[in-house]
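Step one of this worksheet: look at the structure below.
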Amino acid sequence: MTAADTTWFTEARFGLFIHWGLYAIPARHEWIMKREEIAPELYEQRYFTSFDPDQFDPADWARRAREAGMKYVVLTAKHHDGFCLWDSAFTDYKATNTPFGRDALAEILAAFRAEGIRIGLYYSLLDWHHPQFTIDLHHPLRNHPDAVAMNATRDMAVYRQYMRDQVTELLTGYGDIDIIWFDFSYPHMADHRFAGKGHADWGSQELVDMVRGLKPGIIINNRLDLHDMLPDVVTPEQFMPRTWPEVNGKRAVWEACQTLSGSWGYYRDEMTWKSPEQLIGLLADTVSKGGNLLMNVGPNARGALDHRARAALQTYADWMSAHARSIHGATAAELPPAQDVRLTRHGNTVYVHIFAWPYRHIHIPGLGGKVKTARLMLDGSEVKILVPQPPNPNDTMQIPVDPDILTLELPVLRPDVVVPVIQLTLQDI
């Protein structure tokens with residue numbers, strides 16, 4: 001058991017990740033500062049002094065999230081570039097000092113709370129802007145000729161205090177916070193010049209103790225390099241596990257963090273946007289393995305969601321309007337795998353998510369003789385259950401229906417929905 005309250009979390013099953021900050025202006029990946037080795041002073045000159053999102057409309061973001069069936073949000077309060085969306089007392093590098101001049105975090109949280117959505121805050125352990133954060137292999141100054149000498153004057157203890165002060169601000173000044181999402185540790189990433197960074201660099205145990213003291217039931221993710229601490233939630237990134245992930249031999253509370261496209265921040269020229277089938281498939285596949293899906297969107301530099309992001313969220317909204325019961329409160333069905341489907345279960349109901357529409361039958365092991373009714377969720381129409389018949393040696397036309405397998409007879413025409421779902425009501429036990 002962990003100290004966190006994950007009951008609501010596993011009921012929710014679906015959340016929105018938001019990556020938004022200065023990197024929306026160059027619009028070519030949220031790691032642009034590292035990738036293009038932009039010095040902190042130049043990055044600030046280019047983007048901090050021109051941050052003024054005139055179409056900023058967090059109420060629109062929140063409404064679209066609610067309509068998509070998302071029950072919680074995780075917002076990047078501070079990403080690796082060190083820019084803060086809130087009016088922090090511990091830095092001048094914040095939204096209120098840009099031409100925008102407003103506490104973006106406060107406005108975003110108010111909008112999502114108004115839609116009944118729970119709140120999570122992402123806080124980067126990295127900070128490429130802070131003068132005391134030591135240069136390492138992720139840092140934009142890693143190839144500067146004086147990089148090693150620069151580190152001699154930097155003190156991570158000062159930076160650790162800065163982190164604790166800012167996290168305290170976030171957890172005490174912005175209302176109820178349900179999740180603190182720290183990102184990330186890399187102790188293995190080192191060379192002859194630079195060490196990686198892990199729990200000793202972050203003061204991870206002290207940070208966790210502080211967070212628990214401020215918010216006893218808050219959910220803390222697993223990226224603090226604390227291998228002896230049972231994580232509240234495991235967070236595979238851009239990866240789908242084959243089965244329900246385990247920690248110490250026990251099934252973990254877990255959350256797949258994925259993107260609508262290939263990057264997290266707004267990337268104008270990104271061409272790997274997921275299809276509607278992939279979007280819905282990711283959600284159903286995750287829940288069928290007992291997990292949550294945290295799907296990311298990156299608003300653009302004007303503070304709006306572009307047409308591709310809006311279309312993706314609308315895909316979820318359209319599908320969830322008929323199929324939310326197969327996701328919210330559902331989990332793994334604990335049945336043998338069936339071909340081309342994903343199974344979720346909520347109480348006495350099993351949901352069959354059909355990834356490939358067959359002609360004309362679906363066979364589900366383990367449910368033979370156990371299903372009372374079968375209906376398409378899209379319109380509530382009945383799906384025929386084939387009843388096993390005694391073997392007939394004179395019938396050379398048919399193969400007998402296995403009594404241990406549920407066989408459903410589907411219409412030839414596929415329902416007009418991205419992923420059709422059949423709702424099975426089990427016999428009373």
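The values are calculated or read from the model by the stated rules, or taken from the named source; none is laboratory data. What you see is a predicted model, and the numbers here were worked out from it, not measured in a lab. Note that we place each Cβ from the backbone using ideal geometry, even for glycine, and neighbour counts take in every protein chain shown.
All of (1) surrounded by 14 or more Cβ atoms within 10 Å (Cβ to Cβ); (2) farther than 25 Å from Lys289 by Cα hold for Thr344 with one exception: (2). From the list Ala3, Ala111, pick out the single residue that is surrounded by fewer than 23 Cβ atoms within 10 Å (Cβ to Cβ), touching a helix residue (DSSP H, G or I) at 6+ places or on another chain (Cβ under 7 Å) and modelled with pLDDT under 95. Only one candidate qualifies: Ala3. From the list Trp264, Trp202, the one residue that fits, being crowded, with 21+ Cβ neighbours inside 10 Å, among the aromatic types (Phe, Trp, Tyr), more than 25 Å from Asp5 (Cα to Cα) and touching a residue at least 40 places away in the same chain (Cβ under 8 Å), is Trp264. If you go through segment 364-398 and keep only what is outside any loop (DSSP other than H, G, I, E, B) and over 19 Å from Ala332 (Cβ atoms), you end up with Lys372, Thr373, Ala374, Arg375, Leu376, Glu382, Lys384, Ile385.
Does segment 197-217 include one or more residues that are assigned to a loop (DSSP other than H, G, I, E, B), at pLDDT 95 or above, within 22 Å of Arg160 (Cβ to Cβ) and within 15 Å of the chain's Cα centre (by Cα)? I'd like the intermediate steps shown before the answer.
At the first step, the residues of segment 197-217 found to be assigned to a loop (DSSP other than H, G, I, E, B) are 198, 203, 215-217.
Now restrict to residues that are at pLDDT 95 or above: 198, 203, 215-217.
Next cut, within 22 Å of Arg160 (Cβ to Cβ) only: 198, 203, 215.
Still in the list and also within 15 Å of the chain's Cα centre (by Cα): none.
No, segment 197-217 contains no residue that is assigned to a loop (DSSP other than H, G, I, E, B), at pLDDT 95 or above, within 22 Å of Arg160 (Cβ to Cβ) and within 15 Å of the chain's Cα centre (by Cα).
Within segment 304-321, can one find any residue that is in contact (Cβ under 8 Å) with a residue 60 or more places away in the chain, of a type outside the set (Gly, Ala, Ser), assigned to a loop (DSSP other than H, G, I, E, B) and assigned by TED's automatic domain parsing to the domain that holds Gly15? Yes.
Per-residue answers, yes or no, for (1) among the aliphatic types (A, V, I, L, M); (2) under 21 Å from Gly120 (Cα atoms):
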site: Gly265; (1), (2): no, yes
site: Gln278; (1), (2): no, no
site: Asn296; (1), (2): no, yes
site: Leu305; (1), (2): yes, yes
site: Asp340; (1), (2): no, no
site: His346; (1), (2): no, no
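Give just the number: which of (1) assigned to a strand (DSSP E or B); (2) without any contact (Cβ under 8 Å) to a residue 60 or more places away in the chain does Val352 not satisfy? All conditions pass for Val352, except number (2).
Out of all the residues in segment 361-380, which are surrounded by 12 or more Cβ atoms within 10 Å (Cβ to Cβ), within 25 Å of Asp416 (Cβ to Cβ) and either of a type in the set (D, E, K, R) or free of Cβ contacts under 8 Å to residues at least 40 places away in the same chain (or both)? Arg375 - this is the single residue of segment 361-380 that is surrounded by 12 or more Cβ atoms within 10 Å (Cβ to Cβ), within 25 Å of Asp416 (Cβ to Cβ) and either of a type in the set (D, E, K, R) or free of Cβ contacts under 8 Å to residues at least 40 places away in the same chain (or both).
Could you go through segment 234-241 and let me know if any residue there is outside any loop (DSSP other than H, G, I, E, B), over 17 Å from the mean Cα position of the chain (by Cα) and either under 26 Å from Leu343 (Cα atoms) or not aromatic (Phe, Trp, Tyr) (or both). Within segment 234-241 (the criterion being outside any loop (DSSP other than H, G, I, E, B), over 17 Å from the mean Cα position of the chain (by Cα) and either under 26 Å from Leu343 (Cα atoms) or not aromatic (Phe, Trp, Tyr) (or both)), the answer is no, since none of the residues qualifies.
Under the condition of being in contact (Cβ under 8 Å) with a residue 12 or more places away in the chain and in a loop (DSSP other than H, G, I, E, B), the residues counted in segment 338-349 number 4.
Condition first: in contact with a helix residue (DSSP H, G or I) (Cβ under 9 Å, 6 or more places away or on another chain) and of a type outside the set (A, V, I, L, M, F, W, C). Now tell me which residues in segment 6-19 satisfy that. Full working, then the answer.
Taking segment 6-19 as the starting set, the residues that turn out to be in contact with a helix residue (DSSP H, G or I) (Cβ under 9 Å, 6 or more places away or on another chain) are 13-16, 18.
Across segment 6-19, the qualifying residues are Arg13, Gly15.
Of the residues Asp165, Asp155, Asp127, which is modelled with pLDDT of 95 or more, of a type in the set (Asp, Glu) and farther than 25 Å from Glu30 by Cα? Selected residue: Asp155, the only one of Asp165, Asp155, Asp127 that is modelled with pLDDT of 95 or more, of a type in the set (Asp, Glu) and farther than 25 Å from Glu30 by Cα.
Could you tell me whether any residue of segment 150-163 is in contact (Cβ under 8 Å) with a residue 60 or more places away in the chain, in the same structural domain as Ile108 (by TED's automatic domain parsing) and surrounded by fewer than 14 Cβ atoms within 10 Å (Cβ to Cβ)? No: segment 150-163 contains no residue that is in contact (Cβ under 8 Å) with a residue 60 or more places away in the chain, in the same structural domain as Ile108 (by TED's automatic domain parsing) and surrounded by fewer than 14 Cβ atoms within 10 Å (Cβ to Cβ).
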